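Report on the structure given below.
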Amino acid sequence: MQSHHVYGPVPSRRLGRSLGIDVIPFKTCTYDCTYCQLGHTTCHTCERREYVPVDLVLSELKEHLQRDTPDIISFAGSGEPTLNSGLGRCIAGIKEMTSVPVAVFTNASLLWMPEVRADLALADIVSPSLDAALPRTAEQVNRLAAGLDLQQILEGLATFCAEYTGQIWLEILLCRGVNDSRDDLEALKGVLRRLARVDRVQLNTATRPPADRDIAPLDREALQRVADEIQRDTPWPCEIIASFPKTSAHEASSRVPGRDEVLELVRCHPSTVQGIAAGLDVEQAGVAPVVDALLADGLFECEEREGETYYFVREDETKGAH
């Protein structure tokens, strides 16, 4: 059976071998983030419903687990996972099936809903996003769907952090000149100080091709200054998770990656050949012919951005996977 909603596993610096689950149609989201590596949201909504049937997801997952055991099972993919009203049943079904931990990556926009917090209760790790604490900045960077209110979202995040018993990895993604001003950072720190519990704050930036081409990342030094400030001025540890070019002498594996693992990595993370190699921890020489073959077969398309060639899964191929 071809798996449409379970992908990977792909190597993750934070999680190990991460098996992804996508329970939302491509680019269905409560936000339309200016930095999104998958492009602009095409279904901008707050409507919760069972976009992908839970039974189908669990069936695909069961088949995968019969041949491979990942380090973690992660809900992320191409939209906001908490929009799926079956998310809680899906996590419960996974827990009955395997002891592999479950992580959910969410933009936190629906945490004000008690039913969403209940759905997330069984997850081992929840990584909510917090990119802005000022209304004008939230509109600029996240572009909230109609019916969402930033204050309500922040209150929902606070309630979730007070209730949830698993690991909370709060991610902040900063874009240069968009949400990194002094006022923005002070407002973000104010929200962090009011949260009951966060296990770690994780700083990211727009190192992959963004939806809006004028979006630029912070450099490593600027991110480190923000991380130091957050760690000093809030109760929570802060780390940088942004992927910058490697400068260490680490030797990558000489194995040639399979077509499917390259395809699935790029489906979630449009990348250069160098980025694909880094993500799979293999040498670029082994990646290039696989990318060329996927391009020749019409599964990939490429685009020049700032002197680099980025590869994307073709839009019709992405939509056909859901």
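The values are calculated or read from the model by the stated rules, or taken from the named source; none is laboratory data. Only a predicted model underlies this, so the values are computations on that prediction, with no experimental measurement involved. FYI the Cβ positions are ideal-geometry reconstructions off the backbone, even for glycines, and counts take in every protein chain you see.
Out of everything in the range 164-223 that is polar (S, T, N, Q) and over 17 Å from the mean Cα position of the chain (by Cα), what residue ends up being nearest to TYR310 (Cα to Cα)?
First pass over the range 164-223, keeping only residues polar (S, T, N, Q): 165, 167, 179, 181, 202, 204-205, 207.
Still in the running and over 17 Å from the mean Cα position of the chain (by Cα): 165, 179, 181.
Details: THR165: 39, ASN179: 25, SER181: 29 Å.
Going through the qualifying residues, I end up with ASN179.
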Taking the options ARG176, ARG213, ARG208, ARG182, name whichever one is surrounded by fewer than 14 Cβ atoms within 10 Å (Cβ to Cβ), under 27 Å from GLN274 (Cα atoms) and not hydroxyl-bearing (Ser, Thr, Tyr). ARG213
Has the range 91-103 got at least one residue that is more than 16 Å from the chain's Cα centre (by Cα), closer than 27 Å to ARG143 by Cβ, surrounded by 21 or more Cβ atoms within 10 Å (Cβ to Cβ) and in contact (Cβ under 8 Å) with a residue 40 or more places away in the chain? no
Go through (1) modelled with pLDDT under 90; (2) within 23 Å of the chain's Cα centre (by Cα); (3) surrounded by 14 or more Cβ atoms within 10 Å (Cβ to Cβ) and name the single condition ILE230 misses. (1)
How many residues are in contact with a helix residue (DSSP H, G or I) (Cβ under 8 Å, 6 or more places away or on another chain), surrounded by 18 or more Cβ atoms within 10 Å (Cβ to Cβ) and either closer than 24 Å to PRO210 by Cβ or modelled with pLDDT of 90 or more (or both) when one looks only at the range 1-18? 3
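Pick from ALA108, ALA76: which is crowded, with 20+ Cβ neighbours inside 10 Å, touching a Pro at 6+ places or on another chain (Cβ under 6 Å) and among the small types (Gly, Ala, Ser)?
Values: ALA76 fails: touching a Pro at 6+ places or on another chain (Cβ under 6 Å).
Testing whether each residue is crowded, with 20+ Cβ neighbours inside 10 Å, touching a Pro at 6+ places or on another chain (Cβ under 6 Å) and among the small types (Gly, Ala, Ser) leaves just ALA108.
Quick one: in the range 19-52, of everything that is assigned to a loop (DSSP other than H, G, I, E, B) and among the polar types (S, T, N, Q), which residue is surrounded by the fewest Cβ atoms within 10 Å (Cβ to Cβ)? Working first, answer last.
First, pick out the residues of the range 19-52 that are assigned to a loop (DSSP other than H, G, I, E, B): 22-27, 30-42, 45-48, 50-52.
Add one more test, that the residue is among the polar types (S, T, N, Q), and what stays is 30, 34, 37, 41-42, 45.
On the way: THR30: 27, THR34: 20, GLN37: 17, THR41: 21, THR42: 15, THR45: 17.
Result: THR42.
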